[in-house]
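Reviewing the structure listed below.
What follows draws every value from the coordinates through simple rules; no lab data is involved. All figures in this text were calculated on a predicted structure; none of them were measured in a lab. Cβ coordinates were reconstructed from backbone atoms using ideal geometry, including for glycine residues, and neighbour counts include every protein chain displayed.
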Amino acid sequence: MGKNCRKGASGERSAEQTSLPLKERVKGTLLETVVACGLAMVLEILEEERTARCGPRYRHDEERDAHRAGHVESSLVLGGRQVKVKRPRARTVKGEEVELPSWKSWSREDPLSERAMEQMLVGVSTRRYARSLEAAPEGVESRGTGKSAVSRRFVLGTEKKLKELGERDLSGLDLAVVMIDGVYFGEHVVIGVVGVDAAGTKHVLGICEGATENATICTRLLEGLAERGLRTDRSILAVLDGSRALAKAVRAIWGNRVQIQRCQQHKKRNVLEALPQSKRESVKRTLDEAYATAEHARAKRMLENLARSLEDQHPGAAASVREGLDETLTVKALDLPRTLEKALCTTNAIENLIGCVREGSRRVKRWRGGKMILRWCAAGVLDAERRFRRIKGFREMPALVKALRRRDLELDSVTPESAVA
């Protein structure tokens, strides 16, 4: 009877212990507890690996080929910073360092560069990087969050992104559309190229830097894309902002296989800027109606009539309407479904990409040369590419592909068998 009573009392004490409040059983915050347990497990795993190689401590073994060599101050990446740990060491009987498998795996890559890029692309400055991280648990020594350290990692990370973008294999892409536009950073311009494949998926193809948006720079960029596998032997639709340099470059690469669509939004802005404020509303309405009409012939006739009506009073605006008029209606002439036509008659897709680059680099006060600009642009476009959606009307892309292959046959530049392939 007494034994049962004692057993019951012991059970009551055990239940009472497990019902203690969490704050009494766990010291510190959840983060501090998790980090402390994690670091303890790290050291435990490393010690187990050292024991597996060196044998149990204080046990003589003539066949062992390695022995313990104390500990050394080292660091591992945790939560966007480097934290100090005392790494167990082992040496062979010849005095060579033994690399423990887990340590080799944990320290092989440096995720801090990626973390630094992520933070800076969302607008965190190098000076505030440390403040953007979760506070380090008490008692954990950390480093690598200072302005200079973060800046160095960002440079290394963006150089890697720039190299990655410049070495992409493009031979596997079945592109129907290329969009090209430039973005200015002070005295520098960066030309960017985005491709749209037959499924409506967008791909960043490459970037190039120069002092101006000229044909030489654009041609050099497109030649580089061709060397990396971009097909130039089939018809393609090029959506441009109206730059003559870009038009000259795409013709130099694709010849008569390229069909150029001038951005209608750029054309509207050019025409309206040549008019007084009082005339802009009515002219804009006419341009909108012309570009919205379903018939190519009717749209062309409306634009020609608009140019004639402006000829006497505003010859500059009339000339702007006529300049490249047919190229502003290229997609309409292909007789595509309206949703897809609207998506391909402007450079909005690549301008949105440029907007992401500008947003990510808005905190940069001074650009130190073209290489820095290219690094930022490469990081920005690749970051934006991860969030790309297919273009509007992507389900109707087969209609465009069919029109382009039909043009190939008309030009007699390829055989019927390869046009279908």
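Using a/c under 1.5 as the rounded threshold, could you call region 173-420 rounded, prolate or oblate? The axes a ≥ b ≥ c are square roots of the C-alpha gyration tensor eigenvalues, and prolate needs a/b larger than b/c, oblate otherwise.
Details: a/c = 1.73, a/b = 1.11, b/c = 1.56.
Oblate.
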### Query
Going 7 Å from the Cα of R152 toward and past its Cβ, which residues in region 57-92 have a backbone nitrogen under 14 Å from where you end up?
82
## Note on the structure
Per the charge dipole of the chain (beta-carbon charges, Lys/Arg positive, Asp/Glu negative, Cα centre), the residue among H71, A319, A333 reaching farthest to the positive end is H71
### Query
Can you give the % of DSSP beta bridges in region 173-420 that are antiparallel, to the nearest 5?
70 percent
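So how much slack lies between N256 and S75, counting 0.36 nm per residue of separation and subtracting their Cα-Cα distance, in nm? Walk me through the numbers before you get to the answer.
Details: separation 181, 0.36 × 181 = 65.16 nm, distance 5.96 nm.
Full extension of this stretch gives 59.2 nm more.
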### Given K84/K371; K104/K202; K86/K147, the pairs whose alpha carbons are separated by over 31 Å
K84/K371; K104/K202
## Note on the structure
In the chain, helical segments from DSSP H whose Cα atoms cover 20 Å or more along their own axis and that average at least 0.0 on the Kyte-Doolittle scale are 30-54, 370-385
#### Entry: Antiparallel content of DSSP bridges confined to the chain, in %, to 5
80 percent
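Using the crude model of +1 on Lys and Arg Cβ and -1 on Asp and Glu Cβ, and no other charge, please compute the dipole size for the chain relative to its Cα centre, in debye to 20. Intermediate results must be reported in sequence, preceding the final value.
Values: 77 positive and 59 negative charges, 269 e Å.
Result for the chain is approximately 1300 debye, rounded to the nearest 20.
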### Correct choice for Cα Rg over 2.2 N^0.38 Å that was computed from the model, options [x] 0.95; [y] 1.47; [z] 1.10
[y]
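Could you order peptides 185-191, 361-367 by the average number of other Cβ atoms within 10 Å of their residues, highest first?
Ranking the peptides 185-191, 361-367 by packing returns 185-191, 361-367.
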## Note on the structure
Answer in debye to the nearest 20: the dipole magnitude of region 277-374 about its Cα centre, from +1 Lys/Arg and -1 Asp/Glu charges placed on Cβ, is 860 debye
### Query
Just how large is the dipole of region 156-315 about the Cα centre, in debye to the nearest 20, putting +1 at every Lys and Arg Cβ and -1 at every Asp and Glu Cβ?
400 debye
### Message
Which one, L382, I207, I253, is farthest towards the positive end of the dipole of region 173-420 when Lys and Arg carry +1 and Asp and Glu -1 on their Cβ?
### Response
L382
### Task
Report relative contact order for region 173-420 in percent, whole number only (criteria: Cα-Cα under 8 Å, sequence separation at least 6).
23 percent
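When a footprinting reagent is the concern and you count Cβ atoms within 10 Å, what order do T339, T330 take, fewest first? Walk me through the numbers on the way to the answer.
Values: T339 14, T330 19.
Fewest-to-most ranking of T339, T330: T339, T330.
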